[in-house]
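The values are calculated or read from the model by the stated rules, or taken from the named source; none is laboratory data. Remember, it's a predicted structure, so these values are computed and weren't measured experimentally. Here the Cβ positions follow ideal geometry from the backbone for every residue, glycine too, while neighbour counts run over all protein chains shown. Each accessible area value is taken on the protein alone, full model and side chains, heavy atoms only, with ligands, DNA and RNA left out. Shrake-Rupley method; radii C 1.70, N 1.55, O 1.52, S 1.80 Å.
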Amino acid sequence: MKNIQFFDYSALYTRFEKEFDATFKDVCSRGAFILQKDLVEFEAALAEFVGTSHALGVADGTNAMIIGLKALDIGPGDEIIISPHTYVATAASIHLVGATPVFADIGEDNLLSADAAERKITSRTRAIMPTQLNGRCADMDAIGETAKRYGLITLEDSAQGLGAKFRGKCAGTFGSFGTLSFYPAKLIGCFGDGGAVMTDDDEMAEKLSLWRDHGRDKNGRVVAWGTNARLDNLQAAFLHLRLKHFDEDIARRRDIALRYHGGLSDLPELRLPPPPVDGGDHFDVYQNYELAAEDRDRLKIYLAEHGVRTIVQWAGTPVHHFVELGFGKDRYDDLPRTDWFFERCLMLPMHMALSDEDVDYVIEQVLCFYKEAR
């Protein structure tokens with residue numbers, strides 16, 4: 001029996017061990033820890049990769065959203081429409097600037113539906129903020145058109161979207177700002193927390209720069225209120241190394257997704273994510289491989305008993321069910337697609353340490369479960 005981890009954290013280091021060691025020695029020997037050239041170089045490389053004017057490294061993906069919202073003066077009295085198929089950080093960032101998150105249902109792609117978002121627009125709505133989840137972009141044409149029609153801002157929580165594209169444009173570059181997370185399990189992860197916020201607006205970039213570093217301008221003078229949300233220089237150096245290999249990472253993730261699709265697509269009990277295609281509207285990078293499975297809980301147990309670790313994302317609880325945060329299923333009873341999906345959602349292993357043999361073993365165990373269940 002194989003033992004296949006959902007994510008191999010140690011492999012983050014061992015894959016480029018020599019390069020990481022050399023980077024650590026270089027950065028530390030220079031005493032280059034905060035806002036040094038390594039960060040500047042990574043930001044430039046990241047901006048070039050996604051095709052935006054500015055990319056600012058910040059402490060994590062949550063802070064990226066918070067300072068983005070702050071830079072737009074979003075606060076009390078404002079509403080931001082988001083998907084409930086997201087991490088709590090999306091809603092938390094809105095709440096923590098004093099605004100109100102409003103949930104709209106997902107579409108067939110499990111991402112924010114433009115039609116559902118339109119039904120939630122009120123006089124207090126300031127922005128629509130889709131989450132580019134699992135390495136796939138929402139229909140940004142439809143969302144952008146809806147926002148434009150109502151005079152709203154488009155924002156993006158693209159924490160899981162680095163490299164994903166919709167009609168040739170990268171996740172995180174559609175709105176006033178887009179954010180990324182570099183949590184270790186993300187598409188490119190660092191050895192701790194990290195994030196970035198991206199924009200094409202020069203004035204917005206200046207405000208973001210002030211917000212992440214105590215309101216200090218380029219001369220070190222405090223000219224506005226701000227906070228400490230800087231990306232550590234050492235982590236930036238590690239991330240720059242990862243970014244140089246990211247194209248091969250994307251190719252491998254797409255290979256794994258194609259292998260899963262080929263092995264599991266005939267099972268009527270599963271609803272799989274779309275397979276990777278070339279030349280279509282979507283270019284998916286598969287941060288995760290999340291499917292909908294009938295008899296999900298028993299399948300998860302069976303796979304664990306056979307050495308395959310899986311995850312039900314966010315413990316199977318969509319954000320609109322968090323009663324302790326002032327939400328609750330009774331308050332949001334108009335999100336049927338989201339509720340249906342969270343009763344079935346399951347993530348199979350998807351990471352760079354997987355071999356083809358590993359993926360085939362996972363497929364074999366899923367097939368065996370449903371064969372035995374029939």
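Any idea which residue in region 31-45 is nearest to L96 (Cα to Cα), counting only those that are assigned to a loop (DSSP other than H, G, I, E, B) and among the small types (G, A, S)? Out of the qualifying residues, it is A32.
Residues checked against (1) out of contact with any strand residue (DSSP E or B) (no Cβ under 7 Å at 6 or more places or on another chain); (2) part of a strand (DSSP E or B); (3) surrounded by 24 or more Cβ atoms within 10 Å (Cβ to Cβ); (4) at pLDDT below 95:
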position: D21; (1), (2), (3), (4): yes, no, no, no
position: F24; (1), (2), (3), (4): yes, no, no, no
position: S29; (1), (2), (3), (4): yes, no, no, no
position: A47; (1), (2), (3), (4): no, no, no, no
position: A64; (1), (2), (3), (4): no, no, yes, no
position: P76; (1), (2), (3), (4): yes, no, no, no
position: I81; (1), (2), (3), (4): no, yes, yes, no
position: A92; (1), (2), (3), (4): yes, no, no, no
position: H95; (1), (2), (3), (4): no, no, no, no
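Suppose the filter is touching a residue at least 60 places away in the same chain (Cβ under 8 Å), open to solvent by 30 Å² or more (accessible area, probe 1.4 Å) and more than 30 Å from R124 (Cα to Cα); does L39 pass it? No. Residue selection: W314 satisfies the criterion of being closer than 23 Å to R253 by Cα, assigned to a helix (DSSP H, G or I) and aromatic (F, W, Y).
If you go through region 264-273 one residue at a time, do you hit one that is touching a Cys at 6+ places or on another chain (Cβ under 7 Å) and surrounded by 14 or more Cβ atoms within 10 Å (Cβ to Cβ)? No, the conditions are met nowhere in region 264-273.
Looking across region 141-162, the residues that are hydrophobic (A, V, I, L, M, F, W, C) and open to solvent by 10 Å² or more (accessible area, probe 1.4 Å) come down to A142, L152, I153, A159. The set of residues in region 305-339 being open to solvent by 40 Å² or more (accessible area, probe 1.4 Å), over 18 Å from the mean Cα position of the chain (by Cα) and closer than 17 Å to Q5 by Cα consists of E305, H306, R309. The residues of region 178-220 that are open to solvent by less than 10 Å² (accessible area, probe 1.4 Å) and in a loop (DSSP other than H, G, I, E, B), listed by number, are F182, L187, I188, G189, C190, G194, G215. Kindly indicate whether D247 is open to solvent by 10 Å² or more (accessible area, probe 1.4 Å) and either in contact with an Asp or Glu (Cβ under 6 Å, 6 or more places away or on another chain) or under 21 Å from D157 (Cα atoms) (or both). Considered against the rule, which asks whether it is open to solvent by 10 Å² or more (accessible area, probe 1.4 Å) and either in contact with an Asp or Glu (Cβ under 6 Å, 6 or more places away or on another chain) or under 21 Å from D157 (Cα atoms) (or both), D247 comes out as no.
Being under 19 Å from the mean Cα position of the chain (by Cα) and in contact (Cβ under 8 Å) with a residue 12 or more places away in the chain holds for only one residue in G192, G98, and it is G192.
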